[in-house]
Each structure stands twice: as C-alpha cells, then as structure tokens.
1. Among the residues of the stretch 144-168, how many are aliphatic (A, V, I, L, M), open to solvent by less than 70 Å² (accessible area, probe 1.4 Å) and either at pLDDT below 90 or farther than 11 Å from Thr116 by Cβ (or both)?
2. Looking at Tyr85, is it open to solvent by 20 Å² or more (accessible area, probe 1.4 Å), of a type in the set (Phe, Trp, Tyr) and in a helix (DSSP H, G or I)?
3. Specify the residue that is surrounded by the fewest Cβ atoms within 10 Å (Cβ to Cβ); the eligible residues are those in the stretch 124-143 that are over 18 Å from Ala108 (Cβ atoms) and not acidic (Asp, Glu).
4. Suppose we filter the stretch 34-80 for residues that are in a loop (DSSP other than H, G, I, E, B) and open to solvent by less than 60 Å² (accessible area, probe 1.4 Å); how many remain?
5. Can you find a residue that is within 14 Å of the chain's Cα centre (by Cα) and part of a helix (DSSP H, G or I) anywhere in the stretch 146-166?
6. Whether any residue in the stretch 116-128 is in contact with a Pro (Cβ under 9 Å, 6 or more places away or on another chain) and assigned to a helix (DSSP H, G or I) is what I want to check.
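The values are calculated or read from the model by the stated rules, or taken from the named source; none is laboratory data. These numbers come from a predicted model, not from an experiment. With ideal geometry, Cβ positions are generated from the backbone for all residues, glycine too; neighbour counts draw on all protein chains shown. We work out accessible area using only protein heavy atoms, side chains counted, and drop any ligands, DNA or RNA first. Shrake-Rupley method; radii C 1.70, N 1.55, O 1.52, S 1.80 Å.
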Amino acid sequence: NQFREMRNINPGDGRSLVGLVDVYNRQKRFKDAIGEIRTEIGKSPNSDALRASLAAELVEDGQYDAALAEYDALLKKNPNSGEVYIMLGDVHKRRNDLPAALKAMQKAVELTPNNTVSLVRLALIMETLDQGIEARKLYDKILSIDPNNYVALNNLAFLKADSGEDLD
C-alpha cells in the first residue's frame, strides 16, 4: 500500500496516516483504521487531532461508548469546543439518546451561535422531538446566515407544508 510506504519513508507526515485511514474506511475496515490511529496516539499521546480521529473511527465502527469517552476526554481539555459538542451530539443521536443529543447540540450552538452545522443538527433533533416551532426558528436563523442552505430550505418547506401553510 502506497500510504504505508509513505509512512515508512516519512513517519511524521500525517498525510500518509490520513490516506491510510481513508483507504481502510472505504474498505469498511474500521478496526484497522482504529489500530493505526491508536499506534499514532502511542507516539503522540497529547494529540487532540488524533483523539478526535480515533473517536470518529470508533463511531463508524459502532463503538459509541468508547467514542463518547474520547469526546469527554477532549472536552476536559477544551470545555469550550463547539466542534466536540457537535460530535458528541451526533454520537448521542446515533445511540437514540435524544435528550443527551439535544443537550450537547444546544451547548454547541451556545459556543458557536453562527455555526450552521450545529444549528442544522440542533434543528433536526428538535424536529425528531416534535419541537417544530423551535426547529423553524433555527431554520430561519440558518437562512439569515446562509440563504442558500439546502437543508434549512428543504426542511423549512416541509415544516410549512405539514402545518398547511402556502408555500408560494
């Protein structure tokens, strides 16, 4: 594999690790990707980027509890990371723990109020919890930031249609 050869030639070059992990992901070999990242963490135990990558791979492999532990460790180091709260919310949503997903995504929005990714994900959770009015407010906010946000435009149209509003 070319990425493994690149790692042998220049072990400090993170691009080869990213490439190798990507290849494993495409082949659905998540455990191999996790092993490669854990090996790198052994060399650089304080790397938040590697920990975040490990958590993402654990999610892909369905190891949600292990992923939550990694995200919790990242939050202990940086409690104001909206990005980590987004990922934490996503894991809770995958576990179908919607109250925890809602709480994490609300924190992400609190920390990054104009981040359309966190706003969309919060709105989607609110829709799932039948909080359509709150979701509509979020979609309106998203569209004030990004008037072409497809998800917000699409979901807002469905919410309006469901409530019997004229879409013209």
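1. 4
2. Against the criterion (open to solvent by 20 Å² or more (accessible area, probe 1.4 Å), of a type in the set (Phe, Trp, Tyr) and in a helix (DSSP H, G or I)), Tyr85 qualifies.
3. Ile133
4. Number of matching residues: 4.
5. The answer is no; no qualifying residue exists.
6. Yes; the residues of the stretch 116-128 include at least one that is in contact with a Pro (Cβ under 9 Å, 6 or more places away or on another chain) and assigned to a helix (DSSP H, G or I).
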